[in-house]
1. Let me know the shape class of region 1-132, please: from the alpha-carbon gyration tensor, a ≥ b ≥ c as square roots of the eigenvalues, rounded when a/c is under 1.5, otherwise prolate if a/b is greater than b/c, or oblate.
2. From the helices alone, meaning DSSP H stretches of at least four residues, give me the mean residue ellipticity at 222 nm for the chain, per-run term -39500 (n - 2.57), in deg cm²/dmol to the nearest 500.
3. Pull up the cross-link candidates among the aspartates and glutamates for Lys102, meaning alpha carbon to alpha carbon under 13 Å and not fewer than 8 places away within one chain.
4. Scan around Ile237 for amide H atoms under 5 Å from its own, H built in the peptide plane at 1.01 Å from N, and keep only partners 5 or more places away or cross-chain.
5. Please report Ser215, Ser202, Ser100 as a ranked list, fewest other C-beta atoms within 10 angstrom at the top and most at the bottom.
6. Relative contact order (percent) for region 194-311, with alpha-carbon contacts under 8 angstrom and 6 or more residues of separation?
7. What residues have an amide H closer than 5 Å to that of Val76, excluding those fewer than 5 places away on the same chain, when H is modeled at 1.01 Å from N in the peptide plane?
8. Which of the helices in the chain, when you take each full DSSP H run, stretch at least 15 Å along the axis at their Cα atoms and have an average Kyte-Doolittle score of -1.0 or higher?
Amino acid sequence: MTNTDHLRFALGTIPFGTAVGRRETFDLLDRFVDAGGTMIDTANNYPFWYPGCSGDESERVIGDWLVARRSRERVVLGTKVGARPRTPGDTTLDDVEGLSPKVIRAAIRSSLTRLLTDRVDIYWAHIDDRTVALSETIATMDTRLKSAGKDGELGTCTYDEWVGELRAVTGWDEATADAFMDDHWDTYIGEPNPELTAYFTSLRPRYKTALLSNSFVGAREREQAARGFEDVADQIIYSHEVGLAKPDPRIYALTCERLGVQPAEMIFLDDSSGHIAAARAFGIHGVVFHDNAQAIGEIEALLAAHNGEAQQ
């Protein structure tokens, strides 16, 4: 836990982004902070049981509010892990993710992405998982890795330095640390999207293309080996290499500069509405990814509109 000295009262957020809509959520959070509230409590599964929901909704809308109001430093942010169903669409707690180290590593990364932040102040175990011992070592590792992880994202340490810190914190030998990092990279790289990759690749050479990633030290080498990204884009801009990360408008300016285009000439696709909002504020055409057909359709419509204007 960090930043918890001034806790006054907490706000639960189960229905935020669903039963409580986006505008109402923003209004409630504004009023809460203005009234002196500091603690925002959410989870990585709120509200998975609500019809049509995945469990992402509460964290996502809170993240959007944090960015829109620039309020991350004004609040104590807590989220939870352990009680998200393994199977999408399952509205019960019969088969949940649990609290294994692998689950925790993947879950905190996903929560930070949805919350559009580099840290949470309080990380709760949402359930009692008696199959796993949450040792003092894991608690210490969690605290230290959050700090080192930000260093890795913005490139203020080398990969070897980061792994060295990991070994120092955990007491692991080289083989154990290497196995941990292999698991980390499997989770980080994730599953491919062949249809979207093929579409993106087909845009060249008619259009200049770039990949813009909030990345981690070592990502370029790992992703090239696994996905061959350098073969499908004109530019790849990694946060750990340039010292900037989405949604900082400076990274959008850098992308425009490297592609040699103006913001109004760029289309930006991302699955984070907060990142898209920041890009749009900078003057870029933003498309929030929901599925392949929707994303490709919106991009094609923007390209057609641009080409029509160019011909007039």
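Since every read-out is calculated from the coordinates, none of them should be taken as a lab result. None of the values given here were measured: they were computed from a predicted structure. Neighbour counts run over all protein chains shown; Cβ positions are idealised from the backbone, glycine included.
1. oblate
2. After summing the helix terms and dividing by the residues of the chain, the value is -15000 deg cm²/dmol.
3. The qualifying aspartates and glutamates are Asp142, Asp182, Asp183, Asp186.
4. For Ile237, the qualifying residues are Leu211, Leu212, Ser213.
5. Ser202, Ser100, Ser215
6. 19 percent
7. Placed amide hydrogens put Met39, Ile40 under 5 Å from Val76.
8. Sorted by number, the helices that extend far enough and score high enough are 22-34, 57-69, 101-115, 136-154, 159-170, 174-189, 249-259, 292-311.
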